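Please read the structure below before turning to the comments.
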Amino acid sequence: MTDMIVVSDYDPQWPEQFEDLRQRLAPHVADLAVSIEHVGSAAVPGCAAKPITDLDIVVPEEAAMPELISRLAGQGYRHEGDLGIRRREAFQAPPTAPEHHLYGVVADSKPHFDHVLLRDYLRQRPDEIHRYSALKVALAQRFPADREGRAAYSTAKSALVENLVARSYAARAAGAS
């Protein structure tokens, strides 16, 4: 049988896992980063998620990105480029590190706002968390955990994610979280 994508119920230890990773990274980027943010589904209490911590290292301007790339390389991270999203750089964790997704983003850029506004929007809306979680669980049961299956999983949930991101921007514009 083919391995399937794993989506788990929310685990209250996920914030602790983020904090452990943040503390490992902070000494190497503290003077360069505006913040290190816990983003993605695992940053939303009650949301089902792949049990992988997503982090954004937020830098003040695009000119700081080469230095961030260099410092993370010194810690064993492999730079993967922007993966098609301008003002966001992706990094592959060293093999000895806990599994996580790490991104460098420019403060107040679209990738930064997309991650933070969506996280904050979902944290305030249990009905949206339930809808998003149900979709992710259903899709995880449908697609294998190989490269093609992961791509299909991401594509299948993208319409809802785009809708939620749009709603998060609208809520921000209206003055809500």
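The values are calculated or read from the model by the stated rules, or taken from the named source; none is laboratory data. All figures in this text were calculated on a predicted structure; none of them were measured in a lab. Glycine also receives a Cβ, built like all others from the backbone with ideal geometry; neighbour counts cover every protein chain displayed.
Quick check on the range 72-106: of everything there that is among the basic types (Lys, Arg) and under 18 Å from Glu37 (Cα atoms), which residue is surrounded by the fewest Cβ atoms within 10 Å (Cβ to Cβ)? Let's see the steps before the verdict.
Here is the first cut: in the range 72-106, the residues among the basic types (Lys, Arg) are 78, 86-88.
With under 18 Å from Glu37 (Cα atoms) added as a condition, the list becomes 87-88.
Working: Arg87: 18, Arg88: 21.
Filtering first and then ranking leaves Arg87.
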Answer yes or no as to whether Ile69 is farther than 26 Å from Gly175 by Cα, modelled with pLDDT of 95 or more, part of a helix (DSSP H, G or I) and among the β-branched types (Val, Ile, Thr).
yes
Can you tell me how many residues within the range 13-29 are in contact (Cβ under 8 Å) with a residue 60 or more places away in the chain and not aliphatic (A, V, I, L, M)?
3
Kindly establish whether Asp127 is modelled with pLDDT of 95 or more, loosely packed, with under 12 Cβ neighbours inside 10 Å and on the phi < 0 side of the Ramachandran plot.
yes
Within the range 68-77, work out how many residues are out of contact with any helix residue (DSSP H, G or I) (no Cβ under 9 Å at 6 or more places or on another chain) and at negative phi.
3
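For the range 164-177, how many residues are among the aliphatic types (A, V, I, L, M), exposed (fewer than 15 other Cβ atoms within 10 Å of the Cβ) and touching a residue at least 24 places away in the same chain (Cβ under 8 Å)?
First, the residues of the range 164-177 that are among the aliphatic types (A, V, I, L, M): 164-166, 170-171, 173-174, 176.
Checking the rest, the ones that are also exposed (fewer than 15 other Cβ atoms within 10 Å of the Cβ) come to 166, 170, 173-174, 176.
If we keep only those that are touching a residue at least 24 places away in the same chain (Cβ under 8 Å) as well, we get 176.
Result for the range 164-177: 1.
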How many residues does the range 131-163 contain that are surrounded by fewer than 15 Cβ atoms within 10 Å (Cβ to Cβ), within 18 Å of the chain's Cα centre (by Cα) and of a type in the set (S, T, N, Q)?
4
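Going by the structure shown, is Ala33 touching a Leu at 6+ places or on another chain (Cβ under 9 Å) and farther than 28 Å from Gln124 by Cβ?
On the way: touching a Leu at 6+ places or on another chain (Cβ under 9 Å): yes; farther than 28 Å from Gln124 by Cβ: no.
Considered against the rule, which asks whether it is touching a Leu at 6+ places or on another chain (Cβ under 9 Å) and farther than 28 Å from Gln124 by Cβ, Ala33 comes out as no.
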Going by the structure shown, is Gly104 small (Gly, Ala, Ser), free of Cβ contacts under 8 Å to residues at least 60 places away in the same chain, more than 26 Å from Met4 (Cα to Cα) and out of contact with any strand residue (DSSP E or B) (no Cβ under 7 Å at 6 or more places or on another chain)?
no
Looking at the range 121-138, can you tell me whether even one residue there is under 24 Å from Lys50 (Cα atoms), among the acidic types (Asp, Glu) and in contact with a Leu (Cβ under 6 Å, 6 or more places away or on another chain)?
yes
Which ones in the range 30-63 are in contact (Cβ under 8 Å) with a residue 40 or more places away in the chain, buried (at least 16 other Cβ atoms within 10 Å of the Cβ) and assigned to a helix (DSSP H, G or I)?
Ser41, Ala43
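Kindly indicate whether any position in the range 47-70 is among the polar types (S, T, N, Q) and within 22 Å of Gln23 (Cβ to Cβ).
Step one: list which residues in the range 47-70 are among the polar types (S, T, N, Q), which gives 53, 70.
Now narrow it down to the ones that are within 22 Å of Gln23 (Cβ to Cβ): 53, 70.
Yes, because at least one residue in the range 47-70 is among the polar types (S, T, N, Q) and within 22 Å of Gln23 (Cβ to Cβ).
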